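The values are calculated or read from the model by the stated rules, or taken from the named source; none is laboratory data. Predicted model only: the values in this text are computed from it and were never measured. Virtual Cβ from ideal backbone geometry, glycine too; neighbours counted across all protein chains shown. Quick note on the areas: whole protein, heavy atoms, side chains included, nothing else; ligands and nucleic acids left out. Shrake-Rupley method; radii C 1.70, N 1.55, O 1.52, S 1.80 Å.
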Amino acid sequence: MSSSVRPETLGTADATDAAPPGGWGLSLFWSELRVLFGRRRTWALLLALAAIPVLIAVAVRLSSAVPAGRGPAFLDRISQNGLFVAFTAMLVSVPLFLPLTVGVVAGDTIAGEANLGTLRYLLVAPTGRVRLLLVKYAGALAFCLAAPLTVGLAGAAIGAALFPVGPVTLLSGDVIEPPQAALRILLIAAYLAVSLAGLSAVGLFLSTLTVVPVGAMAATVVVSVVSQVLDQLPQLEWLHPWLFSHYWLGFGDLLRQPLLWDSFASNALLQAGYVAVFGALAYGRFVTKDILS
Amino acid sequence: MTAAAGGPESRMYGLTIETKGLTKRFGQQVAVNALDLVVPQGAVFGFLGPNGSGKTTTIRMLLGLAAASAGTVKLLGMEMPGQFREVLPRVGALVEGPAFYPFLSGSENLHRLDAATRHAAPGTRKARVDQALERVGLSHAAGKRVHAYSLGMKQRLGIANALLSPRELLVLDEPTNGLDPQGTREVRNLVRSLAADGTTVFVSSHLLAEVEQICTHAAVMSAGRLVAQGPLPDLRRSGSARIRVVTPDGGPAASVLARLGLAPEPAPEQPDGQVVMAALAGLGADTGRPAPEDIVAHLVAGGVRVRGFVVERESLEDRFVALTGEGFDVVQ
Ligand SMILES: Nc1ncnc2c1ncn2[C@@H]1O[C@H](COP(=O)(O)OP(=O)(O)OP(=O)(O)O)[C@@H](O)[C@H]1O
Ligand SMILES: [Mg+2]
């Protein structure tokens, strides 16, 4: 019964001060990514997101010419240039679809583990609570990047399949070649990933409050909707710059020549503020929480 | 396990678990009340108590999952939860049943939990996972999703998780719950072999027969309080024992026993003679009571024809019921 692998592991158990062989959480981070992206639910979310550009492209393909100026921005340009499917789809998915999927993932972070009971085993493994919180948040951020990237790449792919691809005319009137346009798609995905960082932090915090993941998910989505509604009310003008959804649609600056980074920077700063505040709240709640599930 | 348990530093502490005044309140209810647990190193410690008596809550506090309302915990000689980073890698645990990701396979689950362990070397991870699975007899189901595991298979996987790294202490909350007879026996053997290697094992259970078979020490909880603890033979001894004399001379036997300070109670006559019973409170050398062999000598010297003489020890179950009450209803 005695194990042959003991000697190696024992040596490390004694040297508690030295850097652990597993690294400072990298091993757990990879494991988190594997669990998150290996799970069918995540694939279903990403597939649903990928369906958005496909639906748009097919609809445009099947209909006769879209009258200019009707429908979402860029829609009328799709039939001339397939790359606009990506821009249109990313724009369309910002208000609801992206927050919905991010809400599911961020709301599930801690509450999902608590619900399964795996939280207690992760903590006695031991994973420090702070480390677990960081890894869980990092996993949610990875999804925040994967989600808009999926929309953009699926859009570019289906656009290229159904429509001609050519130079893209930017909002500033300048024309860029398709490879540069592809780069802009990646830039917008990055912009949206940053945009969703604040919402993810809110979701992480809500997730520490409950052992019912659906509750945390729904609450996160509701928060994102409320933020956008408040952003529409002119009476609350003073509040608008403080809402995490304020810059969500501000990626038009990335479609100009030369690139304007102003809204990217303001957005990043605002999101960092949300991450700091809700990260601290999540920390305060989680490190003192009794794990009774 | 000798290398881990017998290091120069670990020799200095003789107690693997030590709590002082450990208390947990849930609102008004006191789930664990001023618990002073003492688990010596190398013991197989049975933690007994009826449903809802606070066993799992205690284990949660030992492992730092729940904060104590009052009191302190020392595990392996170190403060918990303050020094969890040093303590918990050396502790394997099964708390309130196994819990896994249903969409991952058995071995993927173990890989994940091992990755969560700071000190677990990634290089030996696969070997350790395979070995742990083999130890609990799950090698063939390693690739199956846990979603498709039976209750007993999950329980076995939970035990495998506790065995992923070499441990100095195993905390097992009802490890044989849901296991078939073979599984139960395997767990017993596993506990014995781990204990033989020097691992301290802390098992909570209601299965008294099982505790009687494998434990060296035990503690009994009742409604959040510790009502008894110590080495198993002492626990049994402190319970009452009675003698049973079978003889045709009921009257003389009773008077001899009365002279020895025992309280004889005549029992109904049996075919081979009359039965006289007497409680033998606190059987042992230090109580001043006569030893059983002396009682027989006195009886024979008193002219009593002894046809049968038995010392009936209380079973652990009798002792358990005596300590925690007869009632079936859950307290609180
Ligand atoms: N999260 C909780 N909130 C409130 N009370 C709780 C909570 N968890 C446990 N309790 C109470 O604490 C007491 C002890 O529960 P615990 O789970 O420790 O019992 P146990 O000895 O493990 O029982 P069992 O043998 O059934 O597993 C019970 O009365 C229970 O109702
Ligand atoms: Mg219990």
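In the context of the full set of protein chains, chain B has a per residue accessible area of 42 Å² (1.4 Å probe). Calculate how steeply helix A:84-93 sits against the longest principal axis of the alpha-carbon atoms of chain A, using the helix alpha-carbon long axis, and give the answer as 0 to 90 degrees to the nearest 10. The angle comes out near 50 degrees. Along its first, second and third principal axes, ordered by size, chain B spans 77, 44, 43 Å in Cα coordinates. In plain terms, if you count all Cα to Cα distances in the range B:1-153 and split them into 10 Å steps from zero, the share in each step is 10, 31, 32, 24, 3 percent. For chain B, a simple Cβ point-charge model (Lys and Arg +1, Asp and Glu -1, everything else neutral) yields a dipole of about 1020 debye relative to the Cα centre. Relative to the current alpha-carbon distance between A:LEU171 and A:VAL58, full extension at 0.36 nm per residue lengthens the span by 38.2 nm. Restricted to Cα atoms, the range B:241-313 shows a radius of gyration and a Dmax of 11.2, 37 angstrom.
Angle check, please: helix A:26-37 long axis (alpha carbons) against the longest principal axis of chain A (alpha carbons), in degrees 0 to 90, nearest 10. The angle comes out at about 50 degrees.
If you run the Gaussian network model on chain B, springs between alpha carbon atoms under 10 Å, then out of B:PRO89, B:PRO231, B:PRO181 the most flexible one is B:PRO181. A Gaussian network model of chain B, with springs between Cα atoms under 10 Å, assigns the largest mean-square fluctuation among B:GLN274, B:GLN131, B:GLN28 to B:GLN28.
Work out the FRET efficiency for B:LEU260 and B:SER193 from their Cβ-Cβ distance, taking R0 = 51 Å, and round it to the nearest 0.05. With a Förster radius of 51 Å, E is 0.65. In this structure the amide hydrogen of B:LEU35, modeled in the peptide plane, comes within under 5 Å of the amide hydrogens of B:GLY21, B:LEU22, B:THR23, none closer than 5 places in sequence on its chain.
Gyration tensor analysis over the Cα atoms of the range A:23-286 returns equivalent ellipsoid semi-axes of 35, 20, 16 Å (largest first, whole Å).
Relative contact order of chain B, taken over Cα pairs closer than 8 Å and 6 or more residues apart, is 19 percent.
About the centre of its Cα atoms, the protein assembly as shown shows a dipole size close to 780 debye [charges on the beta carbon of Lys, Arg (+1) and Asp, Glu (-1) only; nearest 20 debye].
Taken over the C-alpha atoms, the range A:112-252 has Rg and Dmax values of 19.4, 59 angstrom. Helix B:106-115 and the longest principal axis of the Cα set of chain B meet at an angle near 80°. Applying D = kT/(6 pi eta Rh) to the range A:200-289, where Rh is the Kirkwood radius over alpha-carbon pairs, T corresponds to 25 °C and eta to 0.890 mPa s, the Stokes-Einstein value obtained is 168 µm²/s. Taking all Cα pairs closer than 8 Å and separated by 6 or more residues, the relative contact order of the range A:23-286 comes to 24 percent.
Placing pseudo-labels 7 Å out from each Cα toward the beta carbon at A:TRP242 and B:HIS298 gives an inter-label distance of 8.8 nm. Proximity of backbone amide H atoms, modeled 1.01 Å from N, is registered between B:PHE26 and B:ALA31 at under 5 Å, excluding neighbours fewer than 5 places apart on the same chain. For the range B:54-59, backbone phi angles converted through the Karplus equation (6.51, -1.76, 1.60; θ = phi - 60°) give residue-by-residue couplings of x, 5, 5, 4, 4, 4 Hz, Gly and Pro being listed as x. Could you tell me what percent of the DSSP beta bridges with both partners in the protein assembly as shown are antiparallel, to the nearest 5? Expressed as a percentage, antiparallel bridges in the protein assembly as shown total about 70. According to the calculation over all Cα-Cα pairs in the range B:77-188, the P(r) per 5 Å bin from zero is 2, 13, 23, 25, 20, 11, 5, 2, 0 %.
For the protein assembly as shown, the normalised intensity computed at q = 0.07, 0.08, 0.12 Å⁻¹ comes to -0.59, -0.72, -1.16 (log10 of I(q)/I(0), Debye sum over alpha carbons, equal scatterers, no solvent). Rounded to the nearest Hz, the phi-derived 3J(HN,Hα) couplings of the range A:103-117 under the Karplus curve 6.51 cos²θ - 1.76 cosθ + 1.60 (θ = phi - 60°) are x, 4, 6, 6, x, 7, 3, 8, 4, x, 5, 5, 5, 6, x, where x marks glycine and proline. A Förster radius of 41 Å combined with the Cβ-Cβ distance from B:VAL306 to B:LEU207 puts the calculated FRET efficiency at roughly 0.65.
Amide H of B:PHE309: which non-local residues (sequence gap of 5 or more, or other chain) have their own amide H closer than 5 Å, using H built in the peptide plane? It is B:VAL246, by chain and number. Legend: residues B:GLU86, B:GLU108, A:GLU237, sorted from most to least accessible area (1.4 Å probe; ligands, DNA and RNA excluded), read A:GLU237, B:GLU108, B:GLU86.
Using a 1.4 Å probe over protein heavy atoms, the accessible area lost on pairing A with B, summed over both chains, comes to approximately 4200 Å².
Straight-distance candidates among the lysines for linking to B:LYS144, with alpha-carbon spacing under 18 Å and chain neighbours fewer than 8 residues away dropped: B:LYS126, B:LYS154.
Ignoring lysines fewer than eight residues from B:LYS20 along the same chain, the ones with Cα atoms less than 28 angstrom from its Cα are A:LYS289, B:LYS55, B:LYS74. Couplings 3J(HN,Hα) of the range A:53-62, computed from phi: x, 5, 4, 4, 4, 5, 4, 5, 4, 7 Hz, in residue order, whole Hz [Karplus 6.51 cos²θ - 1.76 cosθ + 1.60, θ = phi - 60°; x for Gly and Pro].
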